[in-house]
Amino acid sequence: MSTETTTMPKQTPLHGEHAILGANFTDFGGWDMPLKYGSELAEHQAVREAAGLFDLSHMGEVRVEGPDAATFLNTALAGNLAVMKVGKAKYSVICNAEGGIIDDLITYRRAEDRFLVVPNAGNAPVVAAALAERAAGFDVTVTDVSADTALVAVQGPTAESILLGLVSAEDAGTVTGMKYYAADEVTVAGIDVLLARTGYTGEDGFELYIPNADAVALWKALLEAGSGRGLIPAGLASRDSLRLEAGMPLYGNELTLETTPFDAGLGPIVSFKKEEDFVGRSALEAKKAEGPARKLVGLKGLGRRAGRSHYAVLKDGNVVGEVTSGQPSPTLGYPIALAYVDVALTEVGTALDVDLRGKPQPFEVVDLPFYSRNK
Amino acid sequence: MSKVLSTLRYSAEHEWVDGSTPTKVGITQVAADALGDVVYVDLPEAGSTVTAGETCGEVESTKSVSDLYAPVTGTVVELNQEAIDNPALLNEDPYGTGWLFTVEVSEEGPLLSAADYASANGGDVE
């Protein structure tokens, strides 16, 4: 039950609010974050059926600004960010020269020459450093504003109506008209926020970027406005089960320096069409040509027991893969898992076993995502 | 804070026994709270022998799997089928309807008083 740390975990500006709400805390990416406030299953269900409020202030934020910003990002990241329109967001990865994934991240284009890059909490310093290093020779400024920026997310089918209760009539049109993976500046409960229609839950929802100083006021306003619409605060436990049902990878589990985007099924977000020679390009071209040995698949448990990270995947008693994330799916009612499996055994319907502490249990390969909402 | 009942005795591994014959065994609220929502319990079979301090099953929550240790040595008499079918009882009522199994005790393991267990694990004795 104990975790060894050499440094004290960091606290978000909302730490005190979580404590007041009776949160259980956990160390995640060097941050002391709420794991759950009550039952993680109730928090999961609230997001699927109404709404959940998450503190994601541990995530990083890196500003990339200057005349060369777009071409710079096209050399630093694997995706084609230069073709993205202002006001849009894009999911991408940053790779090393070997094509290994340093992090997966979301990039928002705020202006022709202005981007906001959002890496994972634990990777933020590494990503900021890599971007700064790769910026040499470009007319661009890279600024790590992670320490000054808070992020809260409202996720779930009632998220939009909750926000509409806190914005002006003019901003209401911006909120309702906002497409998935888009962002704009609006005023929520009197606080200027960067509002993005993005998330990590498989539901409709928003992420709100604010300066640290505004975090508590915004959090309280959202909790209050949402209380009549089924919103409850939700911790990282439910965030993990929600993203797993939605088939979304978690850095450190599905994505590592040892995995390439092709292994992880992220081939489509790697752009070989763009002109720029991005970091990892030649390695990734070779990897694409040879094809991955193992691929990320979804597994559905046929029994009641769940596979967990690092459990072996078996075929006829032989190890053919490894689970990267797994747990009982609260929404679906059966165990689900993401696993890297030998390519020959990745077809949907393939029968496999997962070694549950010495007892092989039957699973089968299924399509991803495990869960998708009715749109 | 998690509740620790003054009427029970406890193993260091977070099981309780009520001392009746056969004795009822369950997990503490301290353990249930730490585990999170329990979704599966794997219990020893009725008629099998369990040994104090050794693992005799597993408790699986949404986030993790923990070994279940026998607090006493003896023969398992009865399993709580209700808890097997509805493991959420371990969270809702760990000292009541969430009990796990009963044991005909041949020898007790090292057991703690409620006060000692609570002070070692941060619970409130009631």
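The values are calculated or read from the model by the stated rules, or taken from the named source; none is laboratory data. Predicted model, so just to flag it, every value in this text is computed and none were measured. Counting neighbours? That spans all protein chains shown, and the Cβs are built from the backbone with ideal geometry, glycine included. For accessibility, only protein heavy atoms count, side chains too; no ligands or nucleic acids. Shrake-Rupley method; radii C 1.70, N 1.55, O 1.52, S 1.80 Å.
Once you average over the residues of B:32-41, how many Cβ atoms of partner chains fall within 10 Å of each Cβ?
4
Straight-line reach from residue A:274: which aspartates and glutamates have a Cα under 16 Å away, not including same-chain ones fewer than 8 places off?
Answer for residue A:274, where 16 Å is the Cα cut-off: A:68, A:285, listed by chain and number.
When the helix-only estimate is applied to chain B (DSSP H runs of n ≥ 4, each -39,500 (n - 2.57), divided by the residue count), what is the mean residue ellipticity at 222 nm, nearest 500 deg cm²/dmol?
-4500 deg cm²/dmol
Any chance you could look up the accessible area of residue A:63 with a 1.4 Å probe, heavy atoms only, rounded to 10 Å²?
110
Work out, step by step, the length gained on full extension between residue A:351 and residue A:148: first 0.36 nm times the residue separation, then minus their alpha carbon distance; give nm to one decimal.
Length difference between fully extended and current span is 68.2 nm.
Region A:256-331 to region B:57-119: how many Å between their Cα centroids?
What the calculation gives is 39 Å, centre to centre.
For the residue pair residue B:108 and residue A:288, what label-to-label distance in nm results when each label sits 7 Å from Cα along the Cα-to-beta-carbon direction?
7.0
Between residue A:97 and residue A:216, what's the calculated FRET efficiency when r is the beta-carbon distance and R0 is 51 Å? Round to 0.05.
On the way: r = 43 Å, r/R0 = 0.83.
Efficiency, rounded to the nearest 0.05: 0.75.
Using the heavy atoms of the protein chains alone and a 1.4 angstrom probe, what is the accessible area of the protein assembly as shown per residue in square angstrom?
Numbers: 20880 Å² over 501 residues.
So the protein assembly as shown comes to 42 Å² accessible per residue, rounded to a whole number.
Can you give me the C-alpha center-to-center distance between region A:81-106 and region A:20-62, rounded to a whole angstrom?
First find each Cα centre; the distance between them is then 25 Å.
For residue B:48 and residue B:20, what does the FRET efficiency come to when R0 = 35 Å and r is the distance between their Cβ atoms, rounded to the nearest 0.05? Could you put the intermediate results ahead of the total?
Working: r = 20 Å, r/R0 = 0.57.
E between residue B:48 and residue B:20, to the nearest 0.05, is 0.95.
When only Cα pairs under 8 Å and 6 or more residues apart are kept, what is the percent relative contact order across region A:129-265?
23
Report the gain in length on full extension from residue A:20 to residue A:113: 0.36 nm times residue separation, minus Cα-Cα distance, nm rounded to one decimal.
Difference between extended and current length: 29.3 nm.
Given axes a ≥ b ≥ c from the Cα gyration tensor, I'd like to know whether region A:185-278 is rounded (a/c under 1.5), prolate (a/b larger than b/c) or oblate.
Prolate is the answer for region A:185-278, as a/c is 1.5 or above and a/b outweighs b/c.
Find how much the distance from residue A:343 to residue A:180 grows on full extension, using 0.36 nm per residue of separation minus their present alpha carbon separation; answer in nm with one decimal.
Net length gain for the segment: 55.5 nm.
Suppose only helical runs count, i.e. DSSP H with n ≥ 4. What mean residue ellipticity at 222 nm does that imply for chain A under -39500 (n - 2.57) per run, divided by all residues and rounded to the nearest 500 deg cm²/dmol?
Working: 9 runs with 83 residues, N = 375.
It comes out at -6500 deg cm²/dmol, rounded to the nearest 500.
Ballpark to the nearest 100 Å², how much total accessible area do A and B bury together, probe 1.4 Å? Don't skip to the answer; put the middle values down first.
Values: alone 16220 and 6110 Å², together 20880 Å².
Chains A and B together bury roughly 1400 Å² of accessible area.
Name the lysines eligible as straight-distance cross-link partners of residue A:179: C-alpha to C-alpha under 19 Å, and not fewer than 8 places from it in the same chain.
A:85, A:88, A:90, A:375
Can you list the lysines whose alpha carbon is less than 24 Å from that of residue A:315, not counting same-chain residues fewer than 8 positions off?
Straight-distance partners of residue A:315: A:295, A:300, A:359.
Could the peptides A:280-287, B:96-103 be put in order, highest first, of the mean number of other beta-carbon atoms found within 10 Å of their residues?
So the peptides A:280-287, B:96-103, ranked by packing, come out B:96-103, A:280-287.
What whole-number distance in Å separates the alpha-carbon centres of region B:1-30 and region A:208-251?
36
By the gyration tensor of its Cα atoms, with a ≥ b ≥ c the square roots of the eigenvalues, what is the shape of the protein assembly as shown: rounded for a/c under 1.5, prolate for a/b over b/c, or oblate?
prolate
From Cα pairs below 8 angstrom and at least 6 apart in sequence, can you work out the relative contact order of chain A, rounded to a whole percent? Could the numbers behind the result be given before it?
Working: 869 pairs, mean separation 66.2, N = 375.
Over chain A, the number comes to 18 percent.
What ³J(HN,Hα) values, in whole Hz, does the Karplus curve 6.51 cos²θ - 1.76 cosθ + 1.60 give for region A:102-111 when θ = phi - 60°, with x put for Gly and Pro?
These are the phi-based 3J(HN,Hα) values: 6, 6, 9, 8, 10, 10, 9, 9, 8, 7 Hz.
Say R0 is 25 Å: what FRET efficiency, to the nearest 0.05, do residue A:364 and residue B:64 get from their beta-carbon distance?
Efficiency, rounded to the nearest 0.05: 0.55.
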